[in-house]
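Quick note: the coordinates plus some simple rules give every number you see, no bench work behind them. Predicted model only: the values in this text are computed from it and were never measured.
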Amino acid sequence: MIRKQIFIPRDQDEALKRLSQRTGKSEGALVRDAIALRLQQEDAISRKWQELLREWASRSVDNQPRTWRRDDLYSDRVSPK
């Protein structure tokens, strides 16, 4: 494990101590649990956004799969180099 030092507000410190006493878990274990939970939530949110963006990118205005590429729209406007 890697050692980290953090600053937390007094009210969070007091709540952490109470939770530690109530659950029998160390304060460090509770902080690690909270970090793990937050990272899982972020991963889930990121996956959902990526799914949504992929779905949006594959649809056109009329909700049908897109059959063109963005570059194709400009090929007649851009002169060959």
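Data overview
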| quantity | calculated |
| --- | --- |
| Potential extension, Q5-R54 segment - 0.36 nm per residue separation minus Cα distance | 13.7 nm |
| Angle in degrees between helix 10-23 and the longest Cα principal axis of the chain, rounded to the nearest 10 | 70 |
